[in-house]
Structure formats: C-alpha cells, structure tokens
Amino acid sequence: MDALLLSRIQFAWVVAFHILLPAFTVGLSCYVATLEVRYWMTKDDVIRRLSAFWIKIFAVSFGMGVVSGIVMPFQFGTNWSRFSDAASNVVGSLLAYEVLTAFYLEAAFLGVLLFGRKLVPQWAHALSGVMVALGTVLSSFWILAVNSWMQTPAGYEIVDGRFFPTSMSDVIFTPSFPYRLTHTVTAFLVTTAFVILAVGAYYLRQGRAQPESKIMMRMSLLFLLLTVPLQVLLGDLHGINSLKHQPAKVAAMEGLWESGRGVAASLFAIPDQEAERNRFDIAIPKLASLYLTHDLNGEVKGLKEWPREDRPPVAIVYFAFRVMVGIALIMLFVVVAGLLLWWRGRLFDTSWYLRLCSWSGVAGFIAVLAGWTTTEVGRQPWVVYGLMRTRDAVTPSLAATDVALSLAGYAVAYLIIFGGGYVLLRRLVRIGPSPATETESFDEEKRPMRPLSAATDVAAELPSPPGARDVP
C-alpha cells in the first residue's frame, strides 16, 4: 500500500465514524427543540422528563462529534496538502463560515440547554433548544456546500493551478447543492426518528416508562410518515441531478456498461471491472430508464463512454447503492406496519412489531454510511470532479510508513472513544427517563444574580464606619 491508498483509507475511517454523530445529533437537536417548545406550551411533565432524557444523550453524542470532527480537517494539511494549496481559497472560506455561524451559535446556547432548566424561564430554555438545533442544521449547510462544490464545482477560476472564487453565491449554491442538502439532512432526521422509535419500543417491551415510550413512538411514526416518502422523492430528484452532472457515477450505481435506451434496472449482479461486464445479472427491463429519466425509452450512458482511468470503483458503488435502497424499503415497511397497527389499536402491545422497531434503530446509520460511500466513491478518481484527481491531491513528501502509523493511531483512538461513548449511551438508555416524582422547574428566587452580587449585598448590610459620608 502506498501513501495515497493509506491516506484514502485513513480519511474514510475518520469520516465514517464522524458522520454517524451528525446523522444522530442533527435530528436529535431538532427533536429536543420540539419537545422543549411543546413543554413550554403544554406544561406536560411527561414531555419535560422526555426532553431531559434525550438532552443527556444529545450531550454525549455531541461531545463525541466534536472530538471526531476536530481531527478531520487536520488531514487536509497533513495528507492532502496539494488539495489544500489548490482549493483553500474556496473551501477555506466555507469552513470558516461554519465556525462563525454554526459553532458560535451552538456554543452560545448549549450551556443553557444542558444546565439551565432550573435557572432560566421555560421560554428561554426552549429558545436555547431551537438555537442549538439551528446551529446543527447550519453546520450541515456549510459542510455540504463544501462537498457539493467538490462534486459539481462552480463559481471559480483557475489561476496558476489554484482555484479562486468568482462568485460566492455560485460556489455555495452549486447545481447539486439543493438536492444534496435536502436529501442528506432528511436522512439525518429519519435516522434519529428510527432511534427514538427503537428506544420507545425497547421500553414498552420491558414495561417501563409507559407514557414517555408511547409519546416517542407516536411522534416518530407521524414524523416518519412524512419524511420517508419525502426522502424517496428527494432521492429520485438527486439521482436525476447526478445523471446530468455526474453520469459516470450513476452508471456505476446501476452497474451499466453499455449506453442505450430502455435500460434495464439491475437488481443484483457482480460487476467485473476488468471484463467490463456484470456476472449473474438479475434485471428488470426498462426500469432504470424509467426512474432515471422518467421515460421508458430514456437514454442512459454506460461506463464504456469513459476511459478506464476515469471510471469509479464500480463494485463498491454498485453494492453501496443497493444497501441504501434496501434499507429504505425496510424503513418504509416499518412505518406502514406501524401505522396499520396504530389504526387497529395494537401499536403498543404487538410484540413482533416492537421487536422489529428495536432492531430498526441502526437502520438509518447503515443507510447513511451506504449513501456516503455511494457519493464519495462514485466521485472517484476525482477530488474536485473533472478538474483535480485524487492522486494529485496527496502530500508529495508523505511516506507510507508515516500514514500507516497515524492510521493505526486513529484506529485505536477511535475504537476507544466510540467504544466508551457507546457504553455510556447504552447505560443512559438503560437508566431511562427520570421518575415522575423527580421534578425540575424554574424558581424565580433561585435566578442567578449579577456577578459579585453576594459580596456587594453583604457590604451594603454592614454599618458605615464613623465619619463616612453617605454616597448617593
């Protein structure tokens, strides 16, 4: 293995772990904000206990996301210095905007959300939840703007081998950005909703936290009723956009080698990149043309339209795409079955369905990883699509031994960090929401006073020394 391959493996390792946290915290922050606003409006103590429970889980997940997220940008300088040198004028500003908007917003309100339940009025606590949720969504906005520019670059000029922005609006709102942003953020929300559904089903199976569990399941199913079909629609629009701007990626997703009209949809095959064909192919005639072009006889380009060196690794993209689609179908079944059971009044006491919901908690994470693999591996061999190859982006002085050592260090550190985080999150879930006897509410008399108020108040109560003048 050379430094290029090891650097790609290292970046994939770091990003694959990190993306699991935004996939959870973006949706969870929105859920917590919803609960906080609902509690502010209804004063229902069950909602308060439920929100307090998920805030603890959010705090741990957010901390893990920050730790893994800080490490990731350093690789641009250590492993991908040529990319940083060429694209920093474009990418650097977008990453700076993320810090100035998302991180500052989260930092300003996260402390109030975590520790301010008894110290601020409920409207302020609800506002802090909304602001933290807005910060996580803004963070996704800027990161996906960077990724979309690398996928479909726009608004730039090249001077002496470096990219310079000519229009920041074009840099941000590239042709693929609206589709990538909506598809990805919706995927994050769906992922969180399935985790909440799984936790609610887990408690119902154990006969614990009945009021909280029923609220979790009802809210999750109602939300998924809207977002899962929406995600299918957004995925379709994203696929059409990719066919226009990244047709080689779509051809790899479909395992399509020959161009043609009325293209069949491959359900399963083993792509053979050397022989430029599929083995054991099971396909449905004309279906691929229908969902890619919305025309039974629509034309789709095959991989042979591009030189071998410009094609992505077909097998990885092909199978990752099918994992993502397969998980989406499972999700759709869980939602439809849940709604039918709810309509029949059997949602909370059907053991097989509660067990299915418990297992489906990981479905969103698998789908997110599969979708990310499809997107990023499908972009290869380009780091900036059509303009800069991945092999030309790696640091020239990098030695394979150095990357192997850092990769081993990352692997060990991440297994420890994420292993410990998983144990802590599992413990919090096992403990569950606080009992109804435990109450937390804002007390006007306990509101924090101005700094040094204790010292000045005591001084005011002391007798004035003889001869001292009264100071107005």
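The values are calculated or read from the model by the stated rules, or taken from the named source; none is laboratory data. These numbers come from a predicted model, not from an experiment. Using ideal geometry, Cβ is built from the backbone for each residue, glycine included, and neighbour counts are taken over all protein chains shown. Areas reflect the complete protein model, heavy atoms only, side chains present, ligands, DNA and RNA absent. Shrake-Rupley method; radii C 1.70, N 1.55, O 1.52, S 1.80 Å.
Summary of values
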quantity	calculated
Theoretical ellipticity at 222 nm over the chain - DSSP helices of four or more residues, -39500 (n - 2.57) apiece, nearest 500	-23500 deg cm²/dmol
Cα centre as origin, Lys/Arg/Asp/Glu Cβ charges: the range 1-135 dipole, Debye	440 debye
Rounded to whole Å, sorted largest first: equivalent-ellipsoid semi-axes of the chain, Cα gyration tensor	45, 31, 20
Sparsely packed GluC sites (Glu not before Pro) within the range 368-441, loop by DSSP, other Cβ within 10 Å at most 15	E438, E440
Helix 210-245 axis, angle to the chain major axis (alpha carbon atoms, nearest 10°)	40 degrees
Dipole-positive endmost among G432, P153, A265 within the chain (Cβ charges, Cα centre)	G432
Ranking by accessible area, most exposed first, for K244, K301 with a 1.4 Å probe	K244, K301
Qualifying trypsin sites (Lys or Arg not before Pro) for the range 1-69 [loop in DSSP, other Cβ within 10 Å: at most 11]	K43
Magnitude of the charge dipole, the chain, Cβ model with Lys/Arg +1 and Asp/Glu -1, debye to 20	1240 debye
In degrees, nearest ten, helix 104-115 long axis to first principal axis of the chain (Cα)	50 degrees
Farthest positive-ward along the range 345-424 dipole, Cα basis, beta-carbon charges - from L398, W352, G419	W352
Scaled radius of gyration (Cα, divided by 2.2 N^0.38 Å) that the range 122-250 gives	1.41
Sparse-neighbourhood loop sites, GluC sites (Glu not before Pro) in the range 193-270 - DSSP loop, at most 15 other Cβ within 10 angstrom	E258
Dipole of the chain, positive direction: furthest Cα of S242, A283, W13, with charges on the beta-carbon	A283
C-alpha long axis of helix 314-343 to longest principal axis of the chain, angle in °	50 degrees
